[in-house]
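Below: one structure, written as structure tokens.
The values are calculated or read from the model by the stated rules, or taken from the named source; none is laboratory data. None of these values were measured; they are calculated from a predicted model. For neighbour counting, all protein chains shown are included, and Cβ atoms are generated from backbone atoms with ideal geometry for every residue, glycine included.
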Amino acid sequence: MFETLTKAPGDKILALMGEFAEDPRTDKIDLGVGVYKDENGKTPILNPVRKAEQRMIETETTKSYLGIAGNKGFGKSVLQLVAGDSVDHARLRIAQAPGGTGSLWVLMQLIKRARPDATLWLSDPTWPNHKPIADNAGLKTETYPYFDPTTGKVKIDELFSVLDGLGPNDVVLLHGCCHNPTGANLTNAEWDRVADSLKRTGALPLIDLAYLGFGDGLSADAYGTRKVLSSVDEALIAFSGSKNFGLYRERIGAAILLAKDPDAADIANSQMMNIIRSSYSQPPDHGAEIIRTILEDDALRAEWETELEAMRNRMISLREALVEAIRQRSNTHDFDFIAEHRGMFSLLGLPAEAVDHAKVENGVYMIGDSRINVAGIPENRVDALADALVAAAR
Ligand code: PMP
């Protein structure tokens, strides 16, 4: 039967990782793969995570099933972390899911059930996995203007020229904070305008919240999500605990839905449970129990917030240092936008030849669209990186 298959396209980021590993140069710099790295180039296990795991080992009494929605304490804490007091929680439902990806998968399946002919609008550009997940769910996709590579900013007027013309058959995928791949984000005032627009047009927001706490802080990064929740009747959120808790391989995230009232929430939730039951039955618990333990314990939570802040501040400092080093070399402000961007990434707006130049000549590896992972910059290599980028951009 397999002879009917043709080879599926490989993952470009994984291919780049392979190339980087094989590059013999000792001064190479990996700005490719999207994981946080510390000043030693490592992706560490956070201290509160280790402590929570230790506690789990000591207190766990069973590995029996938890249920389709997963860990109840995790769900309650994550709803508070994401939604705060922006909306009556009786209108919210949450299902723990395998990562932000699994959450997006569940929510897109739900959209397909609710409105089979809906159009899902993705930002141009967006995380490369959004469209494949939508394709998998059988959803039509379109793109809305988002990033201007010549300025490094959001094309805000063009964005609203599309957003304001949508209707109830449309779903808009918004990055809650820390846009991937661009690093360019909406201001609070722009989020207010997005919320107004959604309320007026009846388009359904699907917010991808994969980097909460990686931008300007936990509540600052939740501003847009909370504004939307407080403005509209219905919304969907895909939360990920991969980056902010450093739990990548544990596959922990959550699919969240907001309905117009508790009865409508129960009905939509029953469909969400039905989707999960027929796909992976129940989510894995390990990552959820770690997050529950941390969020419910004042000391562990404080320690987590401190470590999260350190990761965030390191990325902001590296952005500022890189911009300063580029300015000194180029005598221009062409790359100043890197310091205004937030989250782990910046899209530099360089052509493919420049990306290739940086790799071939200087061992600087970034994604082909010129996305850099800021956390991958070693502190003592900022000047070398600036040299390479300025040379490549010439
Ligand atoms: N959304 C975006 C925008 C992302 O960048 C990522 C991770 N790269 C995810 C969702 C999913 O993350 P995960 O499934 O690892 O939690």
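Restricting attention to the range 159-209, the residues being hydrophobic (A, V, I, L, M, F, W, C), outside any helix (DSSP H, G or I), under 15 Å from Leu229 (Cα atoms) and away from the ligand (no atom under 16 Å from the Cβ) number 2. Somewhere in the range 130-140, is a residue surrounded by 17 or more Cβ atoms within 10 Å (Cβ to Cβ), within 23 Å of Leu347 (Cα to Cα) and at pLDDT 95 or above? So far as the range 130-140 goes, yes, one or more of its residues are surrounded by 17 or more Cβ atoms within 10 Å (Cβ to Cβ), within 23 Å of Leu347 (Cα to Cα) and at pLDDT 95 or above. If the condition is being assigned to a loop (DSSP other than H, G, I, E, B) and in contact (Cβ under 8 Å) with a residue 60 or more places away in the chain, then the range 138-158 contributes Pro149, Thr150, Thr151, Gly152.
Considering Tyr223, Tyr144, which residue is within 16 Å of the ligand (Cβ to nearest atom) and either over 30 Å from Asp266 (Cβ atoms) or in contact with a Phe, Trp or Tyr (Cβ under 9 Å, 6 or more places away or on another chain) (or both)?
Details: Tyr223 fails: within 16 Å of the ligand (Cβ to nearest atom).
Just one listed residue meets the conditions, Tyr144.
Yes or no: the range 265-279 includes at least one residue that is in a loop (DSSP other than H, G, I, E, B) and free of Cβ contacts under 8 Å to residues at least 12 places away in the same chain. Yes, because at least one residue in the range 265-279 is in a loop (DSSP other than H, G, I, E, B) and free of Cβ contacts under 8 Å to residues at least 12 places away in the same chain.
If the condition is being in contact with a helix residue (DSSP H, G or I) (Cβ under 6 Å, 6 or more places away or on another chain), crowded, with 20+ Cβ neighbours inside 10 Å and over 24 Å from Leu110 (Cβ atoms), then the range 147-185 contributes only Gly152.
From the list Asp117, Asp135, exactly one residue is of a type in the set (Asp, Glu) and either touching a helix residue (DSSP H, G or I) at 6+ places or on another chain (Cβ under 8 Å) or part of a helix (DSSP H, G or I) (or both). Which is it? It would help to see each step written out before you state the result.
Details: Asp117 fails: either touching a helix residue (DSSP H, G or I) at 6+ places or on another chain (Cβ under 8 Å) or part of a helix (DSSP H, G or I) (or both).
Answer to the check: Asp135.
Just the residues that are away from the ligand (no atom under 15 Å from the Cβ) and surrounded by 24 or more Cβ atoms within 10 Å (Cβ to Cβ), please, taken from the range 236-260. If the condition is that a residue be away from the ligand (no atom under 15 Å from the Cβ) and surrounded by 24 or more Cβ atoms within 10 Å (Cβ to Cβ), then Leu258 is the only one that fits.
Phe74 falls short on exactly one of the conditions (1) more than 30 Å from Gly349 (Cα to Cα); (2) within 14 Å of the ligand (Cβ to nearest atom), and that condition is (2). Which ones in the range 87-126 are polar (S, T, N, Q) and either within 15 Å of Gly176 (Cα to Cα) or in contact with a strand residue (DSSP E or B) (Cβ under 9 Å, 6 or more places away or on another chain) (or both)? Matches in the range 87-126: Gln96, Thr101, Ser103, Thr119, Ser123, Thr126. Filter the range 56-85 for residues that are of a type outside the set (Asp, Glu) and more than 22 Å from Gly253 (Cβ to Cβ) and give the result. Correct list: Ile57, Thr59, Thr61, Thr62, Ser64. Scanning the range 351-385 for residues that are in contact with a Leu (Cβ under 6 Å, 6 or more places away or on another chain) and of a type in the set (Gly, Ala, Ser) yields a count of 2. Restricting attention to the range 27-36, the residues that are more than 19 Å from Gly215 (Cβ to Cβ) and assigned to a loop (DSSP other than H, G, I, E, B) add up to 4. Glu39 meets all of the listed conditions (1) within 16 Å of the ligand (Cβ to nearest atom); (2) part of a loop (DSSP other than H, G, I, E, B) but one, namely (1). Residues of the range 80-108 that are surrounded by fewer than 21 Cβ atoms within 10 Å (Cβ to Cβ), assigned to a helix (DSSP H, G or I) and of a type in the set (A, V, I, L, M, F, W, C): Ala90 alone.
When you scan the range 263-271, do you find a residue that is surrounded by 22 or more Cβ atoms within 10 Å (Cβ to Cβ) and under 29 Å from Val194 (Cβ atoms), even just one?
Applying the first criterion (surrounded by 22 or more Cβ atoms within 10 Å (Cβ to Cβ)) to the range 263-271 yields none.
No, the range 263-271 has no match at all.
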